[in-house]
1. Taking M37, is it in contact (Cβ under 8 Å) with a residue 40 or more places away in the chain and more than 23 Å from S254 (Cα to Cα)?
2. Please enumerate the residues belonging to region 144-165 that are touching a residue at least 24 places away in the same chain (Cβ under 8 Å), open to solvent by 40 Å² or more (accessible area, probe 1.4 Å) and out of contact with any helix residue (DSSP H, G or I) (no Cβ under 7 Å at 6 or more places or on another chain).
3. Residue by residue through region 187-204, note down the ones that are farther than 18 Å from I144 by Cα, free of Cβ contacts under 8 Å to residues at least 12 places away in the same chain and not aliphatic (A, V, I, L, M).
4. Suppose we filter region 61-99 for residues that are outside any loop (DSSP other than H, G, I, E, B) and either closer than 24 Å to T259 by Cα or hydrophobic (A, V, I, L, M, F, W, C) (or both); how many remain?
5. (1) in a loop (DSSP other than H, G, I, E, B); (2) closer than 29 Å to I144 by Cα; (3) among the acidic types (D, E): which one isn't true of D58, the others all being true?
6. Of the residues A243, A237, which single one is assigned to a helix (DSSP H, G or I) and surrounded by 22 or more Cβ atoms within 10 Å (Cβ to Cβ)?
7. Given the conditions (1) outside any strand (DSSP E or B); (2) closer than 23 Å to M292 by Cα, which single one is not true for M125?
8. Identify the single condition in (1) open to solvent by 10 Å² or more (accessible area, probe 1.4 Å); (2) at pLDDT below 95; (3) touching a helix residue (DSSP H, G or I) at 6+ places or on another chain (Cβ under 7 Å); (4) in a loop (DSSP other than H, G, I, E, B) that R223 does not satisfy, given that it satisfies every other one.
Amino acid sequence: MIRQEGVRVKVPASTANLGPGFDTLGMALNLYSWIEMKPADSTVFRLHGENLEGLPTDKSNLVYQVAQTVFAEAGVTLPELEISMKSDIPLTRGLGSSASAIVGALFAANLLIGEPLSQAKLFDMATALEKHPDNVGASLFGGIITAVWDGTHADVLRIEPPADLEVLVAIPDFQLSTSKAREALPKQISLQDAVYNVSHSSLLTAALTSGRLDLIPVAMRDRLHQPYRASLVPGMARILEEATAHGALGAALSGAGPTLLCLTDRRKGAEDQLEGFLLEVLGEQGITTQTMRLKPCTLGAVALTMESEGSFLDYIQA
């Protein structure tokens with residue numbers, strides 16, 4: 001049954017890889033995007049906020065296109081939609097903006113037609129669109145996820161984030177596409193580096209699962225992708241090497257970048273020193289940078305109530 005009043009959903013941002021867990025580890029962050037979707041006589045888009053500037057406002061929009069894949073899978077025809085969107089997630093910065101849009105569109109469209117598709121099916125569809133499961137899995141399920149993808153089906157295990165784990169991100173004022181970041185990677189790696197990353201990713205997953213924050217400094221080290229991407233973000237190599245000396249549990253390139261992420265222990269109170277270090281290093285490279293102090297988000301995509309009065313923008317700003 002189609003919900004004629006429409007639906008509203010909220011989806012968290014995400015960070016992927018966490019260092020060694022390339023294309024397999026993701027974590028949801030308390031930075032959000034919102035989507036409202038309604039049946040309509042003709043398709044209309046209302047985009048709010050600077051993070052959505054320049055996106056298409058016709059049927060080529062990603063959210064519209066993804067919603068239609070849900071309707072097709074469910075055997076429902078719903079060609080015209082009224083879609084309102086707002087996002088606090090910076091575009092093309094390595095914080096899962098495209099993944100949150102994909103997950104939001106899938107989740108909202110499924111909700112709009114009475115939820116005929118399972119969450120597992122939505123995850124498979126999201127992973128097929130994103131091509132890797134880490135960002136979409138974190139945005140859909142929340143918390144920390146580890147997942148595998150065989151090209152058709154994704155299996156996922158959700159990990160509850162340790163209570164004292166927090167996140168500091170440094171967001172450079174330039175965009176870096178995932179395709180460009182992947183072009184920097186070698187076609188082959190040595191057996192030694194493969195074993196190095198498998199062991200560190202395994203240790204990191206176990207450390208996060210058991211709350212062993214003391215193991216994170218060792219576990220977040222990577223030889224698979226970050227050394228090859230370091231030239232794309234000036235100052236990154238130094239930050240990855242020295243962040244732990246300034247209070248970080250560990251540092252990583254967030255997804256494909258250019259955002260740099262530091263995991264912290266809230267009990268240590270090192271955020272001010274660490275933030276100063278990040279701004280200093282990137283500033284020396286002439287890079288204007290925004291920092292954010294975030295936390296893991298334990299909830300994934302969620303449905304919000306629809307009220308008879310009040311606009312979409314009024315609702316999410318309340």
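1. So M37 fits the description; yes.
2. V148, T152, E160, A163 - these are the residues of region 144-165 that are touching a residue at least 24 places away in the same chain (Cβ under 8 Å), open to solvent by 40 Å² or more (accessible area, probe 1.4 Å) and out of contact with any helix residue (DSSP H, G or I) (no Cβ under 7 Å at 6 or more places or on another chain).
3. Correct list: K187, Q188, S190, Q192, S199.
4. Residues that pass the stated criteria total 16.
5. (2)
6. Being assigned to a helix (DSSP H, G or I) and surrounded by 22 or more Cβ atoms within 10 Å (Cβ to Cβ) holds for just one of A243, A237, which is A243.
7. Of the numbered conditions (1) outside any strand (DSSP E or B); (2) closer than 23 Å to M292 by Cα, the odd one out for M125 is (2).
8. So R223 meets the others, but not (2).
The values are calculated or read from the model by the stated rules, or taken from the named source; none is laboratory data. All of these numbers come straight from a predicted model, not from anything done at the bench. Positions of Cβ are backbone-derived with ideal geometry, glycine not excepted, and every protein chain shown enters the neighbour counts. Ligands, DNA and RNA are stripped out before the accessible areas are found, and what is left, the full protein with its side chains, is counted by its heavy atoms. Shrake-Rupley method; radii C 1.70, N 1.55, O 1.52, S 1.80 Å.
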